[in-house]
Protein chains: 2
Amino acid sequence: MSNWLDEVRWNEQGLVPAVAQDAASGRVLTLAWMNREALAETARRGEAVYWSRSRNRLWRKGEESGHVQRLVELRLDCDGDAILLRVEQAGGIACHTGRERCFYRKLDQEAWVTTDAVITDPAAIYGKK
Amino acid sequence: MSNWLDEVRWNEQGLVPAVAQDAASGRVLTLAWMNREALAETARRGEAVYWSRSRNRLWRKGEESGHVQRLVELRLDCDGDAILLRVEQAGGIACHTGRERCFYRKLDQEAWVTTDAVITDPAAIYGKK
């Protein structure tokens, strides 16, 4: 029996890019990466689980911040090499900088300009360690 | 003088993932890839230009189909390693299968189910060669 996970075209590192979109506002929040285990666990838990390339381990989104992404819908693209998650973003903050979304910079006259304010200071989110 | 293109963190292949979102509907249309030249040309032309990994060349979106993506806004994420384009999608079709978006499959009970209809037969879009 074929498995839905086998239809994903993982790259050479066994990863696939995963775009998280806020199901309510439609805002694109983050682009992260998933390996097979992360995608399987995302579907099983109903919450976004990524593969952290910097920490080289599974990253249950919100595990430190509490800003979990509850899964509304999981989609696969035509080539099978990109995932789209529509989510409910807990706390309304997806970015580790304390902003709603990671895409908070906009190109304006050949410069990346920050357009989104910090909602909560990261020190308050993650604690001062 | 620092260049906005230098702030992008290109991967080992000199590429960065680029998410295209319909500016009107908010739908996530495609995930494609850009190299430095593609991103520079996207900003200059005001239309999406990608790097085709399969064809190994610049891909001016719509060059064959006419389904260009007019640039509304270009965004960069916190880590500088993902791009978001808000676009006006010509013809209302982004996918080479003749659908509005590439993310036309949804996970439903452990199966990827096609939820979006073909708007125009690809044979009619690309011509029968």
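The values are calculated or read from the model by the stated rules, or taken from the named source; none is laboratory data. These numbers were taken from a predicted model, which means no experiment stands behind them. All Cβ positions, even for glycine, are placed from backbone atoms using ideal geometry, and neighbour counts span all protein chains on display.
Observations on the structure shown:
- Flag for residue A:86 being exposed (fewer than 15 other Cβ atoms within 10 Å of the Cβ), out of contact with any Cys (no Cβ under 6 Å at 6 or more places or on another chain) and modelled with pLDDT of 95 or more: no
- Only strands (runs of 3 or more DSSP E) whose full extent lies in the stretch B:65-129 are considered here, and the ones with at least 2 residues that are closer than 20 Å to residue B:34 by Cα are B:69-76, B:83-89.
- Within the stretch B:77-129, the set of residues being in contact with a strand residue (DSSP E or B) (Cβ under 8 Å, 6 or more places away or on another chain) and among the aliphatic types (A, V, I, L, M) comprises B:82, B:83, B:84, B:85, B:87, B:90, B:94, B:107, B:113.
- Test result for residue B:19, β-branched (Val, Ile, Thr) and either in a loop (DSSP other than H, G, I, E, B) or touching an Asp or Glu at 6+ places or on another chain (Cβ under 7 Å) (or both): no
- Matching entry among A:72, A:49, A:28, A:113 (being more than 12 Å from every other protein chain (Cβ to nearest Cβ) and of a type outside the set (Lys, Arg)): A:49
- Condition check for residue A:39: touching a helix residue (DSSP H, G or I) at 6+ places or on another chain (Cβ under 9 Å) and within 13 Å of another protein chain (Cβ to nearest Cβ): yes
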